[in-house]
């Protein structure tokens, strides 16, 4: 039995160069290599067995993620509140719509802004989009990791990809925002 990473999931019965290199390490002589590639060709022939599983994974990767512990805006920002300090970022839906994010600019650190005000911009390969503040307050901090790795927003929008922390004027305003179910209806 050979490891599954050597099996290619396509209709081509040829063997890739990577597989040949691994086979050379495994097999000591020509006869063993010939038997090895023969076994691989048999396994490649049964790829329809693997297809439903890969189709499921492709489908699952398009399912959006909206954590229940966060609140959301119609402009696709999320907010998490601890005391009167809020953490803000963009949703999974927003980062997928933007595509690969290459730059985040926030020039409002230390400024008091009202709800709905633009607090920065996010630049993707395709476009630039404004970032809107979900509630009134003072922007305290930009995520320092985004300077060197803005792709964190694509990889982990609700964790390492947060954008700013702010002091909220009225913590009760956060409760008026959309919950996960309501935002899912908005995002589609």
Scan region 128-147 and tell me whether some residue there is modelled with pLDDT of 95 or more, on the phi > 0 side of the Ramachandran plot and over 25 Å from the mean Cα position of the chain (by Cα).
yes
Among the candidates 84, 155, which residue alone is modelled with pLDDT of 90 or more, closer than 27 Å to residue 181 by Cβ, surrounded by fewer than 19 Cβ atoms within 10 Å (Cβ to Cβ) and within 18 Å of the chain's Cα centre (by Cα)?
155
What number goes with the only condition from (1) outside any strand (DSSP E or B); (2) out of contact with any helix residue (DSSP H, G or I) (no Cβ under 6 Å at 6 or more places or on another chain); (3) within 21 Å of residue 188 (Cα to Cα) that residue 116 does not pass?
(3)
Tell me which of these residue 130 doesn't satisfy, since it passes every other one: (1) touching a residue at least 12 places away in the same chain (Cβ under 8 Å); (2) crowded, with 16+ Cβ neighbours inside 10 Å.
(2)
Among residues of region 121-141, those that are under 11 Å from residue 89 (Cα atoms) and out of contact with any helix residue (DSSP H, G or I) (no Cβ under 7 Å at 6 or more places or on another chain), counted
4
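The values are calculated or read from the model by the stated rules, or taken from the named source; none is laboratory data. If you're wondering where the values come from, they're calculated on a predicted model, not measured in any experiment. Because the Cβ atoms are built from the backbone with ideal geometry, glycine has one as well, and the counts that use them run over all protein chains shown.
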